[in-house]
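Taken together, the values in this text are just the output of simple stated rules run on the coordinates, not laboratory data. Note that the structure is a prediction, hence the values are computed from the model and not measured. Backbone-built Cβ (ideal geometry, glycine too); neighbour counts: all protein chains shown.
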């Protein structure tokens, strides 16, 4: 009867017979390696010096030889931010979210202070800033690189 019947074994389950009762017991399978990245690889960290060079070059290309104009400054700041973001994305830093902020201010002899506060992982996230100034304007551009877990 129960002793004569064959018990089918499922994948990863063994059947143990104790008297007339059959109870399944799961066998341990080896775990597959994790498929998510918690940290960037050795050569995949935020490339701060390359980004700084891109910021500096882009601001010089856009603003060299120009005089401050209040009606054009917002358009210039937007084109600088978009150009910097595109060039940084072309560096192909995998899994980094790139944020760019550019500010253009008229030089009138007053001082300028810029501050920032962020909550992030200091091992993977970073920022780079640079400034451009001439006789009539001051441009401050900052790039944040946030690693997406």
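Quick notes
- With contacts taken as Cα pairs under 8 Å and at least 6 residues apart, segment 48-147 reaches a relative contact order of 36 percent.
- Cβ crowding within 10 Å ranks 54, 42 as 42, 54, fewest other Cβ atoms first.
- With a simple spin-label model that places each label point 7 Å from the Cα along the Cα-to-Cβ direction, the separation between residue 112 and residue 129 comes to 1.0 nm.
- Inter-site label distance for residue 79 and residue 36 at 7 Å from Cα along Cβ, in nm: 4.3 nm
- Alpha-carbon spread of segment 35-80, three principal axes, descending order, Å: 51, 19, 9
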